[in-house]
Each structure stands twice: as C-alpha cells, then as structure tokens.
Amino acid sequence: MKNMNFTKYLLLLAVICLLSPDLEVSAQSFYDMNTIQKIEIEFEQSNWDYLLDTAKSGSETYLMAKSVTINGEEFDSVGVKYKGNSTYDAKQIKNPFHIELDTYKKHDYQGYKDIKLSNVDKDPSYIREVLSYEILRKYMVAPQSNFANVYVNGELLGLYVSSEAISKTFVDTYFNSKSNPFFKCNPVDGAGPGTSSTPNLVYLGQDSSQYYNAYEMKSDYGWGKLIELCNNLQNDIEHIEDYLDVDRALWMLAFNNATVNLDSYIGGFTQNYYLYKDESGRFSCIVWDLNEGFGTFNQTGTIMLNNTDSKSRMTHLLHENDANWPLVQKILSVPTYKKMYLAHMQTIIDENFADNSYFDRGEALQLIINDAVNADPNKDYSYSQYQSNLSYDINSSGPGGRPGGASTPGIKALMSGRVSYLNALSDFSNTKPNITNVIPSVKSPSVNSEITITANIVDANSDGVYLGYRYETVDKFIKTQMYDDGQHGDGVANDGIYGAVMNVGNTTVQYYIYAENDNIGMFSPERAEHEFYTINAEIDAIQEGDLVINEIMAKNSETITDQDGEYEDWIELYNNSDNTLSLDNLYISDNPENLLKWQFPTGTSIAPKGYLILWADEDQSQEGLHTNFKLSAGGEELTLSYENGITLEYIEFGEQIEDMGYARVPNGTGDFVIQSPTFAKNNDDGSSVLGYSNLSSKLMLNQIYPNPFQNSTTIDFSLTESSFVYLEVFNSLGEKVANLANGFHNSGNYEYVWDAEGYSEGIYIIYLKTNTEIKTKTIVLLK
C-alpha cells in the first residue's frame, strides 16, 4: 500500500463504500428566506465577462468555471452562463446568472443542480420577486426564492435574487415525475418589440412547427400533447379538466390579476409560465419570473397602463372577451369557473392585502437585506430609492431607471388602491356563500369503508354545492354533489346542512367543499384545491419481513421483456408469509426524500410464497405494474413504506452488471448477491459466475492479499472435505479472464497467486466453486 497513488486509493474507497449512506451537512437551507446566501464564482479567465457575453449572443453555451463555492462548499468545474432577456445587457456589470452544477461533473448542493440568479433589474424595492413567490406558494406549486450575495473572482457583484429553477428536478420533487411533456412558455427568441409568436395557447392547427417559436420543449416529446391542450381549450371547454388542471390555472390568473403582474400570461406577451403534464394526465401551470410584479410591467396587450392609479384600477376580468387569451376567455366563459376565479382572487386579497400583512412582510424582508443592498456596488437604483419603493412610486431616468423615465409603482401605493377598487366591485361586495362545521361522520374510518361528509352552508344555490376528494396528491379530485334533502346523511331536509357519501379508498383521503350562488363561489378550506382537509384511515399493515424486495435488475439488455416486448428495469417482490398479502396503500420509491413516489394500484396482492414483478420503466401507460421511476445502474436506494411512516423494506445497491440479477440468497431472507437472474423464481437456483451461497461452510475463502494490489495477489482458501475446485477470475462485465485452478482437491488449505501483469486497471471478481458451493470476492487492480 505504501507505493499506491493516494488519489487512486481515495477513489477506491469511494467505490468500496458505494453502499454506505452519504452524509450531507449544511449550515442552512439554500432557500432559507431569513438568510443571505453567499455564492462565489471563480473563473480561470480574466476576460470571463466577455466570454459570457459572447456565449449569450451566440449558442448560449456554458463557460466552465474553475469553481463555484456556495456557503463555503466548493464545487470544481461548473457550468456558468448569463441568462435573461430584458434583464440582461452586455454593457452592465451585474447580469443574471444560470449556474449548472452538473454540466461537467455530477455535483449538487442540497439536491439542487441548477441555480438561477436574477439581478433585481427594474425593482428598486429588491423584494418583488421574493415577496411575490412567497404569496404565490400559499395557493399553488411555485419556486422557492431568497437572496444571495454573488462574487466573481473575489469581487462582489452585488445582491441577487436566487429562485428555484423550474427543471426536471423541480417537477420530480413537486409532481412525482420528470419525463412527461414539459414546456417553458416564453417566446424562444425573447419577448420585445416586434414579437409575433407568443405562448398564448391559441390553437394553430395540427402542425407542430407552428408552435416552435412560442414554446420551448423541455422534455423528450410532447408537441402533440400541447396541441391537444390548445385544441380542447378552443373547441371542447366542457372537457377541459381532462387536459388541464383548471384550478391551478385559475389560481395563476387570479394571482397575476390581483397583484397586477403583467409580465405574465395576462400581459402583452402571454409568457413567463411553464406547463408540465402531471401524473393525472393534465397540464399544470407553474408561474415564473416575478421581478416585474406589482405593477412594474405596463403592457396588457390591449391597453397601456402608464401610472399607478390606472394599474390599481385594472379590470379584474382583463381579457375576458379576448380570443388571443383563450386561457382567460374560454375558462371564464364557464360560469362555475368564473365564480371559482372570483373566489380565489377574493382569498388572495383578503389573506395578503386587505390587512396590509404583505407590507409587514415586505418590511421584514428589507430588514434582512438592508446592509447587503447598501453595500451592493452595482445596484441600479439608489439606496434611498430602495428604502422608499415599498411604499412610494419611483420616477427615474438615471442609472437603472425605467425606459423614458417611466415610474415603478410603490408596492403599497399600488395595492392599497387595488384593494379599495376591487372590494367596491359588485363581484366582490355581493353576498358570498358561507361554509362552516365541515365534519366527517367517522374520524378514523377503515380503508374501503363509506363515510359521510357534512357541512353547514348558507347563501348558496342548492345545486351549486359539491365535495371534491382524492386519494393521492397526483390524482384529479373526484367531484360529487352535496345535498340538503335529508337523504345523504345530512339530517333534516332544508336545514342548511349538506351531506355527501364518500368511499375511503386509501389510508389518506384529501377533500374540500365548494359552494356557489349567482354571484361568486367559496371554498373550504379557502386555499383549495392547493390545501385540503385530510382523513387518515386505518389499515392492517404488512408485518416487516413478510414482504421483501427479493431481486432487481437495473441494466436489462437481453434478459426478459415486459408485455410490450421491451427490455426494462425490473423489481421482484417476494411474500415470505403463508398468507395472501394486500398491497393496498403501500408505496415503493427510489427517492429517500419522497418515499411516496409510486403507489401500488388498489387491489394489488401477492400470494403466499409468491412473486410479483414491477417494471421500473417510467411508463405507466402500459398494462401491468409499471412504476414512475427507473433503476440506476450506478446504484441507488429502494424503499417499501406506508404513508404513515412505517417502512417494510429498505435496500441500497451499488453499481450493477448488465443482464445480471441482484438477488437475496437464500431466497427471501439472505443477503444480496450478483448472480444470473431468476425472474419470478427461487433465487437459490441462480448459477452465475458472480453468484454465491452461504448454505454450508465446507468451502472457505479465507483472504485475498494484498487487495487492492498492483502486480499480483494471493488467494487463500480451505476445504473441509475433498472436492473438485474451480478458481477463476472475471472482469466487471462478467467475462472470464483467468483460470487458476480446475481439478480435484483434497481437504486442506490452498494458496494460488494471480499474476496480473498485462491486465487493465479495474475491478475483478475472484470466483471459487466446488460441487456444492460458490464463493466470490471483489478485488481491485491498480496500475
């Protein structure tokens, strides 16, 4: 070991410890809103700004930074580029950044790979983006956002806003999948004067090329699904909920209008949102880019709002009759959707602006960043303008000022006027439904039982009350009418108590109530569908050890196909018990941060001593059991658990070999070994060169030394009974590279030397076999 290259030895230790859990230590959450992050970028090149400008004007490729250090944690060889449209300018020093930690190496910081840093352009208050996202997250999935001081080559560029990137990592976290159709809805060449193609969801026919300039596809496929959405929005609004998460779209529209966020779908360029097709088969809207929120942008697409007063009095039904905004026009043409939209807008106003809580929060955010803003050497506005813009308009044509000296509204000046204007409208001043005393008939029901949900509801139309419920957050809510007729567990007819029967089809049921009258709707809870009531049901859980992950294959190229003839990753489960086991309400996941990633379909069971195969292929559209994740051939984790936290099974596996199984031996109870696959069969029948059994102790592989080694290594083994012995060496691909022994051996101790001169550096497997036993050992050859 003395002469071994130390770096190589560390790499070796990393390989050997693949099955050991990683330890992550961090002083703070990357998106903690109460702390300012510190991000230091180090470039080898002194002309890094020129290189980034050149890349931005050309192919927009990443420039490799020597290192990026985040809160003291350093990452080498990181991709960095400028981002933005109107916020980027080659003449300015403080441009927005996109840092991609894993461009060149598999880096991440607390699970985040993409870091989006905006330069607070057009926002004297510095808080518009962070405050807007914080409000929006109350009502729909939206990025986390906070502040960061950014340094380049040791020099402070200034205070930036750091917002969570809407990437495949983002949708995997919030929608439990990442391979479905996914679009960034911004004009591909940027929005500005002369822009003719905008992502307004207008149906342009079946030719996908008609959509290329307005939408940027972030997935491997999906143009047909986007066209399907646009077509149905235009021509089949009655069934739009099959294609679009309408409630999330309504929250987006209500938020944008209430806060006068016009650099959005309701503005002149119908942009700055994403669409992701979730596991329910519907597109979900995700809002992006809020630096020009609270009235900074003034283009509605039909009229210009050039001052704070006109913005505060902007119609709450902007584009209700405009065909170029079909997400507004078509959805608000449905009376119930319009009433829901009004209810959501009322909730946003009441919870954030009517009581001035937004202003208190704005002051708190400015207190956090006050010193950093004062120290920012490249801020667009003066420190005094920063201090005053939370309350007052800023008029400036100087450094950082708006084009032509246009004003930036004071957030308080805008929203105080907006609250007064909206609350004076009949749509918001008319009588609203009132929902109280929402009660389930059984607080802890049994799974698959039926219960009644009741509520006191007044000032609602009798046919305008319904219960929405679902079993998983990825599901679409099932909607069923509630009645006050004395026949639905609601007591006496016409007493103001409404009831509906609901099946408890899972350990968890999420539900809400909606009621409407001729004027407006009301939800309970008011933030539904984003928030909801929850019922936890009781089940008879499977006992630990009865159900196990018995075998996996993470690299299947020619072993066995699924029902569609495709070679896919697979997971084999085994029932160790003598009873049929129901897998209702059970989950399997490859993500320790999301244990509820894939739920077994209701009714799935496994026979006593039986096997069950899951295809891990991210293709749930196929028949059979297909999970929403694949297995990593490089190694990862698998967990079987219930929603209440009970874990039945947890395994970690390292790098896998193509077309080899990773199986428990003995079957159902033993440790995992690499061996020939025994698909849906007893693992004890495996006969691979990489398999082994510990069923007896007649053969002992005592030691291999040295290991790791450079030139030769010695294999020491012993026999307690005479036997025919094979001693062979295989490479990591399962190919035999050396035959050291092949013949009859008497009982006793034996040593064989493998001279590895001429062999390549890498991992090898020593394979020792008698007529009844197999032993293996991994060794490492270093040159």
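The values are calculated or read from the model by the stated rules, or taken from the named source; none is laboratory data. Keep in mind that what you see is a predicted model, and the values were worked out from it rather than measured. All Cβ positions, even for glycine, are placed from backbone atoms using ideal geometry, and neighbour counts span all protein chains on display. The protein model used for the area step is the full one, side chains on, heavy atoms only, and it has no ligands, DNA or RNA in it. Shrake-Rupley method; radii C 1.70, N 1.55, O 1.52, S 1.80 Å.
Filter region 203-220 for residues that are open to solvent by 30 Å² or more (accessible area, probe 1.4 Å) and of a type outside the set (S, T, N, Q) and give the result.
Y203, L204, D207, Y212, E216, M217, K218, D220
Quick one: is S718 over 24 Å from K783 (Cα atoms), modelled with pLDDT under 90 and of a type in the set (G, A, S)? Break it down stepwise before answering.
Numbers: over 24 Å from K783 (Cα atoms): yes; modelled with pLDDT under 90: no; of a type in the set (G, A, S): yes.
Here the answer is no, as S718 does not meet what is asked.
Do you know which residues across region 741-775 are closer than 15 Å to I715 by Cβ, of a type outside the set (K, R), in contact (Cβ under 8 Å) with a residue 24 or more places away in the chain and open to solvent by less than 40 Å² (accessible area, probe 1.4 Å)?
Selection gives H745, G748, W754, A756, Y764, I765, I766, Y767, L768, T770, I774.
Table: residues versus (1) surrounded by 13 or more Cβ atoms within 10 Å (Cβ to Cβ); (2) touching an Asp or Glu at 6+ places or on another chain (Cβ under 6 Å); (3) at pLDDT 95 or above; (4) more than 30 Å from Q366 (Cα to Cα).
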| residue | (1), (2), (3), (4) |
| --- | --- |
| N5 | no, no, no, yes |
| I16 | yes, no, no, yes |
| A27 | no, no, no, no |
| E40 | yes, no, yes, no |
| L51 | yes, no, yes, yes |
| G58 | no, no, no, yes |
| M64 | yes, no, yes, yes |
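Among the residues of region 167-209, which ones are closer than 17 Å to V141 by Cα and among the small types (G, A, S)?
Of everything in region 167-209, those that are closer than 17 Å to V141 by Cα and among the small types (G, A, S) turn out to be S167, S177.
Can you tell me which residue is least open to solvent (accessible area, probe 1.4 Å) among those in region 128-184 that are hydroxyl-bearing (S, T, Y) and within 14 Å of the chain's Cα centre (by Cα)?
Just the residues of region 128-184 that are hydroxyl-bearing (S, T, Y), to begin with: 132-133, 139, 145, 151, 160, 162-163, 167, 169, 173-174, 177, 179.
The next check asks that each one be within 14 Å of the chain's Cα centre (by Cα); those that pass are 167, 169, 173-174, 177, 179.
On the way: S167: 24, T169: 49, T173: 83, Y174: 78, S177: 5, S179: 42 Å².
By that ranking, first place goes to S177.
Just for region 560-575: of the residues that are touching a residue at least 40 places away in the same chain (Cβ under 8 Å) and surrounded by fewer than 17 Cβ atoms within 10 Å (Cβ to Cβ), which one is farthest from the chain's Cα centre (by Cα)? Give the derivation first.
Step one: list which residues in region 560-575 are touching a residue at least 40 places away in the same chain (Cβ under 8 Å), which gives 560, 562-564, 566, 568-574.
From the residues that got through so far, the ones that are surrounded by fewer than 17 Cβ atoms within 10 Å (Cβ to Cβ) too are 560, 563-564, 566.
Details: I560: 31, Q563: 29, D564: 28, E566: 27 Å.
By that ranking, first place goes to I560.
When you look at T534, is it under 30 Å from I606 (Cβ atoms) and surrounded by fewer than 17 Cβ atoms within 10 Å (Cβ to Cβ), yes or no? Walk me through how you get there before you give the answer.
On the way: under 30 Å from I606 (Cβ atoms): yes; surrounded by fewer than 17 Cβ atoms within 10 Å (Cβ to Cβ): yes.
Yes.
What number goes with the only condition from (1) open to solvent by 60 Å² or more (accessible area, probe 1.4 Å); (2) of a type outside the set (S, T, N, Q); (3) in contact with a strand residue (DSSP E or B) (Cβ under 9 Å, 6 or more places away or on another chain) that L782 does not pass?
Every listed condition holds for L782 apart from (1).
Quick check on D518: is it open to solvent by 30 Å² or more (accessible area, probe 1.4 Å), among the acidic types (D, E) and in contact (Cβ under 8 Å) with a residue 24 or more places away in the chain? Outline the logic, then answer.
Numbers: open to solvent by 30 Å² or more (accessible area, probe 1.4 Å): yes; among the acidic types (D, E): yes; in contact (Cβ under 8 Å) with a residue 24 or more places away in the chain: yes.
Against the criterion (open to solvent by 30 Å² or more (accessible area, probe 1.4 Å), among the acidic types (D, E) and in contact (Cβ under 8 Å) with a residue 24 or more places away in the chain), D518 qualifies.
Quick check on I240: is it assigned to a loop (DSSP other than H, G, I, E, B), touching a residue at least 24 places away in the same chain (Cβ under 8 Å) and not small (G, A, S)?
Values: assigned to a loop (DSSP other than H, G, I, E, B): no; touching a residue at least 24 places away in the same chain (Cβ under 8 Å): yes; not small (G, A, S): yes.
In short, no.
State all residues of region 135-164 that are among the acidic types (D, E) and closer than 22 Å to D371 by Cβ; if no residue qualifies, say none. Break it down into steps so the answer makes sense when it comes.
To start, the set of residues in region 135-164 that are among the acidic types (D, E) comprises 155, 164.
Scanning region 135-164 gives a single hit, E155.
In region 599-658, which strands (runs of 3 or more DSSP E) lie fully inside it and hold 2 or more residues that are open to solvent by less than 20 Å² (accessible area, probe 1.4 Å) and within 21 Å of S577 (Cα to Cα)?
Numbers: elements: 611-616, 636-642, 647-653.
Per the criteria, 636-642, 647-653.
Can you name the condition, by its number, that N272 falls short on among (1) open to solvent by 30 Å² or more (accessible area, probe 1.4 Å); (2) under 21 Å from P124 (Cβ atoms)?
Unmet for N272, out of (1) open to solvent by 30 Å² or more (accessible area, probe 1.4 Å); (2) under 21 Å from P124 (Cβ atoms): (1).
Within region 168-187, which residues are part of a loop (DSSP other than H, G, I, E, B) and touching a residue at least 24 places away in the same chain (Cβ under 8 Å)? Full working, then the answer.
So in region 168-187, the residues part of a loop (DSSP other than H, G, I, E, B) come out as 176-181, 186-187.
N176, S177, S179, N180, P181, N186, P187 - these are the residues of region 168-187 that are part of a loop (DSSP other than H, G, I, E, B) and touching a residue at least 24 places away in the same chain (Cβ under 8 Å).
Specify which of the listed residues (N550, N506, N556) is in a strand (DSSP E or B), open to solvent by less than 50 Å² (accessible area, probe 1.4 Å) and over 19 Å from W251 (Cα atoms). So that I can check it myself, show each step before the final result.
Numbers: N506 fails: in a strand (DSSP E or B); N556 fails: in a strand (DSSP E or B).
Just a single option satisfies the conditions, and that option is N550.
Find the residue count for region 727-751, including only residues that are on the phi > 0 side of the Ramachandran plot and among the hydrophobic types (A, V, I, L, M, F, W, C).
Total satisfying the criteria: 0.
Just checking, which of D189, D123 is over 29 Å from E73 (Cα atoms), at pLDDT below 95 and of a type in the set (D, E, K, R)? Don't jump to the end; show me each part of the working.
Values: D123 fails: at pLDDT below 95.
The conditions single out D189.
For region 509-547, give me each residue that is more than 30 Å from S632 (Cα to Cα), aliphatic (A, V, I, L, M) and either in a strand (DSSP E or B) or at pLDDT below 95 (or both).
So in region 509-547, the residues more than 30 Å from S632 (Cα to Cα) come out as 509-540.
With the extra rule that they be aliphatic (A, V, I, L, M), the set shrinks to 509, 513, 515, 520, 522, 528, 535, 537, 539.
Correct list: V509, I513, A515, M522, I535, A537, I539.
For Y498, which of the numbered conditions (1) out of contact with any Pro (no Cβ under 8 Å at 6 or more places or on another chain); (2) without any contact (Cβ under 8 Å) to a residue 60 or more places away in the chain; (3) assigned to a loop (DSSP other than H, G, I, E, B) fails to hold?
Here Y498 clears every test but (3).
Scan region 247-260 and tell me whether some residue there is modelled with pLDDT of 95 or more and open to solvent by 10 Å² or more (accessible area, probe 1.4 Å).
yes
Can you name every residue in region 185-200 that is surrounded by fewer than 18 Cβ atoms within 10 Å (Cβ to Cβ) and of a type outside the set (G, A, S)?
Taking region 185-200 first, the residues surrounded by fewer than 18 Cβ atoms within 10 Å (Cβ to Cβ) are 188-190, 192-197.
Within region 185-200, V188, D189, P193, T195 meet the criteria.
Does any residue of region 215-231 turn out to be closer than 18 Å to S284 by Cα, aliphatic (A, V, I, L, M), in contact with a Pro (Cβ under 6 Å, 6 or more places away or on another chain) and at pLDDT 95 or above? So that I can check it myself, show each step before the final result.
Quick first cut of region 215-231, residues closer than 18 Å to S284 by Cα only: 215-231.
Then keep just the ones that are aliphatic (A, V, I, L, M); that gives 217, 226-227, 229.
If we keep only those that are in contact with a Pro (Cβ under 6 Å, 6 or more places away or on another chain) too, we end up with none.
No, region 215-231 contains no residue that is closer than 18 Å to S284 by Cα, aliphatic (A, V, I, L, M), in contact with a Pro (Cβ under 6 Å, 6 or more places away or on another chain) and at pLDDT 95 or above.
Please go through region 300-312 and pick out each residue that is outside any helix (DSSP H, G or I) and either among the acidic types (D, E) or surrounded by 15 or more Cβ atoms within 10 Å (Cβ to Cβ) (or both). Walk me through it before giving the result.
Restricting attention to region 300-312, the residues satisfying the condition of being outside any helix (DSSP H, G or I) are 300-307.
The answer is T300, G301, L305.
Filter region 743-769 for residues that are assigned to a strand (DSSP E or B), over 46 Å from the mean Cα position of the chain (by Cα) and within 30 Å of S557 (Cβ to Cβ); which is modelled with the highest pLDDT? Spell out the reasoning first.
Step one: filter region 743-769 for residues assigned to a strand (DSSP E or B), giving 743-745, 748-755, 762-769.
Applying the additional criterion that residues be over 46 Å from the mean Cα position of the chain (by Cα) yields 743-745, 748-755, 769.
Retained after the next criterion (residues that are within 30 Å of S557 (Cβ to Cβ)): 754, 769.
Numbers: W754: 93, K769: 82.
The extreme case among them is W754.
Restrict the check to region 579-586 and report whether at least one residue is in contact (Cβ under 8 Å) with a residue 24 or more places away in the chain, farther than 26 Å from F175 by Cα, part of a loop (DSSP other than H, G, I, E, B) and out of contact with any Phe, Trp or Tyr (no Cβ under 6 Å at 6 or more places or on another chain).
Looking through region 579-586, at least one residue is in contact (Cβ under 8 Å) with a residue 24 or more places away in the chain, farther than 26 Å from F175 by Cα, part of a loop (DSSP other than H, G, I, E, B) and out of contact with any Phe, Trp or Tyr (no Cβ under 6 Å at 6 or more places or on another chain).
Among the numbered criteria (1) within 29 Å of E529 (Cα to Cα); (2) without any contact (Cβ under 8 Å) to a residue 12 or more places away in the chain; (3) open to solvent by 50 Å² or more (accessible area, probe 1.4 Å); (4) part of a helix (DSSP H, G or I), which one does R361 miss?
(2)
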